Each structure stands twice: as C-alpha cells, then as structure tokens.
Amino acid sequence: MDVQKALADAEPKPYWLQDPARPGAGSPLEGARECDLAVIGGGYSGLWAALLAKERDPSLDVIVLEAGRIGGAASGRNGGFCAASLTHGLQNGIGRWPDDMHTLERLGWDNLRAIGDTLTRYGIDAEWEPTGELSVATEEWQVPALEEAAETAIELGWEPVLLDRDAVRAEVDSPTYLAGLWDPDATAMVHPAKLAWGLADACRSLGVRVFENTGITGLRSGIRGLHLTARHGAVVTARRVVLGTGAFPPLLKRLRGFVVPVYDYALMTEPLTAAQREAIGWKNRQGIGDSANQFHYYRLTADDRILWGGYDAIYHYGNAIRSDLEQRPATFGTLARHFYETFPQLEDVRFTNAWGGVIDTCSRFCAFFGTAYDGRLAYAAGYTGLGVGATRFGADVMLDLLHVGLAPGEETERTRLKMVRTKPVPFPPEPLRYGVIELTRREIARADRNAGRRGLWLHTLDRLGLGFDS
Ligand SMILES: Cc1cc2nc3c(=O)[nH]c(=O)nc-3n(C[C@H](O)[C@H](O)[C@H](O)COP(=O)(O)OP(=O)(O)OC[C@H]3O[C@@H](n4cnc5c(N)ncnc54)[C@H](O)[C@@H]3O)c2cc1C
C-alpha cells in the first residue's frame, strides 16, 4: 500500500472538531467583572470544575475564560478513551502509591460512572460507548507482561479476560496479535469534542458564563480577590480561581518546570464498508492499545471509521507550542504504515484527517495538584495522555482544595491522597531539558527494538520513578 496516496486527501484538521454539531464561537469577555469563581481554560479540566462547582453550590457566580475555543485544544482532539484509571494505568499507580491504590481505583471507578451519569442527566450526546479496552501483544516479549498486568488487575478487583492468540484474533482479526487482555469495564469510548461542547452547555444551563477568545495574560492578588487580565484588556476580579490550562504556559511561574508539552498525533479513516468491518471482526468495538513502550491506540467511531493514533511523542525545544507543529508528515507516514501492517485487509481504506495535539506530560505520568495565593487559586495538570476521564476527578480535587461547598479547612478523602499531596520531579531547564527528553525517547525506541530490554538510562530513570510518556 502506498501510504502517501492513502494520506493524500487527509485534511490537516482534527476530525472531531469538524463535526456539524460544533457550536459557533462564543463572545469574548468585555469590560470589568466580578465573580465568585473564575475558571481559566475551557478544556475538560475547566469545564468539569465549573460544572461541579455549580452542582456543589448553585449560588456561586462562575465564569469560564477560554483563550481559544471550547475544546479546541487536547480536549477536542484526543482519542476519546475515557478510562477509570486516575494514575495512567495500574502499574504506574502501584509503583508510586501502593498503600492508596485500592482507594485510587475505587475513586476512579466512581469517577467513570459519574461521567456516564452526567451525560445522561444533562442529555449530552457524546457517543458514549462503554466498550472496555483491549490491550494486545504484538511481540513475544509483551505476552508475559500482559499476563502480569492481568494478575495485578485481578488483585485490585477488576475482571479482565486474558485472550490467547486465537481468542484475541476472534475478537479483532489482526495477523500481528499474539495475545490480548480485555478489560470490559474500565474504559468507555466517547466523541471527545461533543463531550467538551456538551459540558459547556451543561455549565450554561446552570448559569455559568462561558467566554471564548479570552486569553488571560495577567494574574495578581488584590484585596477583593484575584485580578485576571485578558489579552484584550478585559478584567475579572474573582474570589477564587481554578487554573486548568493543560500543556499551555501556566500563569503560575512555579509550575513551569513540572509540565512539558508533548505532541501526539492521530489519523482518521473514511467509514469502513460492511465488508471491511466484517473482514476485521471487532464486533465488541473495544478501544485497543498495543503494548510496546511506543504504543498505538485505536478505536471505532459511531459511523465505523477507525481513529489510529500514538507511537511518536514529540517534544520541541523550549516547550514550543505552535499550530504548524500539529502537522508532522513523517509521523503520519509511520502511523499509516503501521495501520496497514495491523490490518492488511483494509488496504483500500484511505485517511480523511491527520492531526496533532499537545499533551501535558509530567515525569510521573499522572496529574498533580496544588494551590497558590493563600489557597485562593487551585491547579491540576500533568495528565500525560490519560486525562479524558481523570480531569473530572482533578476538577473535584481543585474544588476540594478551594473548599467549594466545604467548611473552611475541611479535608476530603481526595485531598488526603499521597497523589494529591505530592508533586512530580520537575524537568531540568533548557538546554538540558531537550537533551534529556530526546535521549529518553531514543532509549525507549531502542528498548522496543530490543525485545523490551531497557538499557542503563531507562533503568536509572525507573529506579528514580521518572519517565517520559504520552
Ligand atoms: C492527540 C491526543 C490524543 C489523546 N488521547 C487521549 C485518550 O484517548 N484518552 C485520554 O484519557 N486522554 C487523551 N489525551 C489527553 C487528553 O486529551 C487531555 O488529558 C485532556 O484533554 C486535558 O484536558 P485539559 O482541560 O486539562 O487541557 P486542554 O484540553 O488542553 O484545555 C486547556 C485549555 O486552556 C486554554 N488556555 C491555556 N492557557 C490559557 C490562558 N492563559 N487563558 C485562557 N485559556 C487558556 C487552552 O486554550 C485550552 O483550551 C489525548 C491528547 C491528545 C493531544
């Protein structure tokens, strides 16, 4: 298959954001306003925070301030795997917080269920499909790792199903599959942009005011609250502030070392015909991830396209974020080649979209939290490629830290977690930052080529509990 031909007509835009259901642009904030809670960022972090704040205390005056469009960044362009895990997978969580893991898993379950319930309660059609997730081994060295992952999951109360070669191919027919681990409960598929737009509508229905094209550039403390200044001069004075700006330059200087913006890329195919669907099986429509360190994630859409993403995770010197970095032909070519290797039956299928987006990566792979300005501002960031579900939990943590709907000083089960009370190790400043990340990326690729064997550099990072992932 000529991958360049297959990509020739692919639009350089996120498939999800082209949906006809996309609302028109909202107006920017004008003039000066006061509010009880200002939320900076109109991705899932900010939208969940605004919605949950109103649910906790309907009397609050809440404002959302988004620099671009609602869901225009990672939240509207991701793979749509909405996972129960709050820790970027069980192994990462157990390695870091073994004593809290049962609690973290229970809270993760509750969180996933609550997302589904919210969609029902507000009538949000985000193409929610609780399909579960299938992890597949495509190299021999990955098979024992899947078996180990199954044991860990069972210990923590999950009910995953281990599938041998024939069983996994009966589920989804790829000649590359050697084994599979299907967790039918831990993940749902969602239309990511519809989720963001639906949350914004739900916020508005409770009286939240949502402003787009309102980038906040200034933040300072005053007697009546925190003063936020927008790029175009509008000003908000807020008693409390939630900072949900993901991978973008944080308004708090102290956060700059903790998060690096990493580009992740995805392709979308045209809708498969009935015969093409038949040729690959996939009747249970699970989200699928393969098990190498450089992994692919893929899933079906409601109209039977395949979203195919992952593999390369690209950091640009100096934490660069620019719209031209959303296109990376070399990565699109690699992804397309891997697609046809996985599904040779689909050699006639073309791609309609190819895009990238920026992930807020931190060195421990899952979110961290904190407050500033004497507890009047709370932040959450660092979801590292698994924030579709976990951002709702993170929003609850931020509201707990701000004591929204709680007594002053009150702690919650969430704020007592070690995960909430600790921070990741920061990345070194440039130019070391770029060098360390590039070295780590190369070593990860080498480990995959070398039957998963990790060299000295990765072993050292593992021992220190550090890493680079997407
Ligand atoms: C290609 C791709 C695939 C992914 N796939 C998955 C997946 O399948 N499953 C999963 O769980 N996760 C996935 N993720 C990660 C997931 O999308 C994120 O973890 C999640 O969307 C983070 O939400 P957020 O609200 O914190 O950040 P964002 O969605 O980035 O939102 C932050 C918002 O803040 C705004 N902002 C920034 N600075 C300012 C400012 N100064 N003033 C006002 N507004 C500001 C930005 O414009 C942006 O809209 C993927 C990400 C990408 C890029």
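If we count every other residue with Cβ under 15 angstrom of Leu456's Cβ, Lys/Arg +1 and Asp/Glu -1, where does the sum land?
On the way: positive: Arg442, Arg446, Arg453, Arg454, Arg463; negative: Glu443, Asp462.
Computed value for this residue: +3.
Loop-only GluC sites (Glu not before Pro) in the range 281-349, please: DSSP not H, G, I, E or B, and at most 13 other Cβ atoms within 10 Å.
Details: sites: Glu326, Glu341, Glu347; in loops: Glu347.
Answer in residue order: Glu347.
Express in nm, to one decimal, how much length is gained between Asp173 and Val161 on full extension, taking 0.36 nm for each residue of separation and deducting their alpha carbon distance.
Details: separation 12, 0.36 × 12 = 4.32 nm, distance 1.72 nm.
So the extension gain works out to 2.6 nm.
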A correct Karplus calculation of ³J(HN,Hα) over the range 238-255, with 6.51 cos²θ - 1.76 cosθ + 1.60, θ = phi - 60°, whole Hz and x for Gly and Pro, returns 10, 5, 9, 9, 10, 10, x, 9, x, 7, 6, x, x, 6, 9, 4, 5, 8
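In the range 312-398, what trypsin sites (Lys or Arg not before Pro) fall in a loop by DSSP, with at most 10 other Cβ atoms inside 10 Å? Spell out each step's value before the answer.
Numbers: sites: Arg322, Arg337, Arg350, Arg364, Arg376, Arg392; in loops: Arg322, Arg350, Arg364, Arg376.
Answer by residue number: Arg322.
Evaluate the relative contact order of the chain (contact order divided by residue number), counting alpha-carbon pairs under 8 angstrom at least 6 apart; express in whole percent.
Rounded, it is 23 percent for the chain.
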Rounded to 0.05, the calculated FRET efficiency for the beta carbons of Leu406 and Gln327 at R₀ = 45 Å is 0.50
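Near Tyr177, within a Cβ-to-Cβ distance under 11 Å, what is the net charge of the other residues, with Lys and Arg +1 and Asp and Glu -1?
Its environment carries a net charge of -4.
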If one compares the long axis through the Cα atoms of helix 329-342 with the longest principal axis of the Cα atoms of the chain, the angle in degrees, nearest 10, works out at 50 degrees
Which residues qualify? For Val388, with a placed amide H closer than 5 Å and at least 5 residues away or on another chain, they are Ala83
Taking Cα atoms only, helix 44-56 is inclined relative to the longest principal axis of the chain by an angle, in degrees rounded to 10, of 50 degrees
Of the candidates Met398, Ala381, Gly409, the farthest towards the positive dipole end of the range 377-430 (Lys/Arg Cβ +1, Asp/Glu Cβ -1, centred on the Cα centre) is Ala381
Within the chain, the percent of DSSP beta bridges that are antiparallel, given to the nearest 5, stands at 70 percent
The summed charge of the Cys35 Cβ neighbourhood (under 14 Å; Lys/Arg +1, Asp/Glu -1) stands at +3
Distance in nm between Glu151 and Arg56 label points, each 7 Å along Cα→Cβ, equals 4.1 nm
With x for Gly and Pro, the residue-by-residue ³J(HN,Hα) of the range 223-233, computed from phi through the Karplus equation 6.51 cos²θ - 1.76 cosθ + 1.60 at θ = phi - 60° and given in whole Hz, is 5, 8, x, 9, 9, 10, 10, 8, 3, 8, x
Karplus ³J(HN,Hα) for the range 182-187 (6.51 cos²θ - 1.76 cosθ + 1.60, θ = phi - 60°; Hz, whole; x = Gly/Pro) runs 9, 9, x, 10, 7, 8
If amide H atoms are modeled at 1.01 Å from N in the peptide plane, then the residues at a separation of 5 or more from Thr131, or on another chain, having amide H under 5 Å from its own are Met189
The answer for trypsin sites (Lys or Arg not before Pro) in the range 420-458 that fall in a DSSP coil and have at most 12 neighbouring Cβ atoms within 10 Å is Arg453
Expressed to one decimal in nm², the mean projection of the alpha carbon convex hull of the range 231-386 is 12.3 nm²
So the angle from the long Cα axis of helix 192-205 to the longest Cα principal axis of the chain, reported in degrees to the nearest 10, equals 20 degrees
Residues whose modelled amide H sits under 5 Å from the amide H of Trp282, counting only those 5 or more places away in sequence or on another chain, are Val172, Asp173
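We did not get these values from a lab; they are worked out from the coordinates using the rules stated. The shown structure was predicted, so the numbers you read here are calculated from the model rather than taken from an experiment. Neighbour counts run over all protein chains shown; Cβ positions are idealised from the backbone, glycine included.
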